[in-house]
Amino acid sequence: MQFIGQEIDVILPSGFSLEKKPPAPESFQWHGERYTVTEMLAAWHRYGKPEIRTQGGRPPYFVRSARSQGSWGQGRAYYRVRTEGGRLFDLYYDRAPKGQRRAGSWFLWRELALEEESVGLDGSDQ
């Protein structure tokens, strides 16, 4: 596994409607090279989880909702993809707005060796 952690440019499928919940990209550019995604192997999400509790020990409704849907500008959507040539990458979309843009940013998190295809599919090693 090789950690990369660099912002990338992506091409998304046409016709998606939710800006904060984009699909896996069709391709991405890294170090001047375009990588075409041939297969999405996994997707998982991490949303901000405020630790607010009520007197009964149960989080309020808005906290429970944020755990499953995310709050505006918080959280990440992760995608494990295979590219032409068989390379494996984990990408993520960071929902935090950047500057004056409402949209978040895409990052190339890491490259995996072929034998690591099932590493961290549940997001446990993030």
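The values are calculated or read from the model by the stated rules, or taken from the named source; none is laboratory data. Note that the coordinates shown come from a computational prediction; the quantities given were computed from them, not determined experimentally. Cβ coordinates were reconstructed from backbone atoms using ideal geometry, including for glycine residues, and neighbour counts include every protein chain displayed.
Listing for the model above:
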quantity	calculated
Given (1) more than 23 Å from Glu115 (Cα to Cα); (2) at pLDDT 70 or above; (3) not in a loop (DSSP other than H, G, I, E, B), number of the condition Val37 does not satisfy	(1)
Subset tally (residues that are closer than 16 Å to Gln6 by Cβ, under 13 Å from the mean Cα position of the chain (by Cα) and touching a residue at least 40 places away in the same chain (Cβ under 8 Å)) for the stretch 75-116	13
Members of the stretch 101-116 found to be at pLDDT below 90 and not hydrophobic (A, V, I, L, M, F, W, C), listed by number	Arg101, Arg102, Gly104, Glu115, Glu116
So Arg87, is it among the charged types (D, E, K, R), out of contact with any His (no Cβ under 6 Å at 6 or more places or on another chain) and either at pLDDT below 65 or buried (at least 16 other Cβ atoms within 10 Å of the Cβ) (or both)	no
Lys98 modelled with pLDDT under 95, surrounded by 11 or more Cβ atoms within 10 Å (Cβ to Cβ) and more than 19 Å from Ile11 (Cβ to Cβ)	no
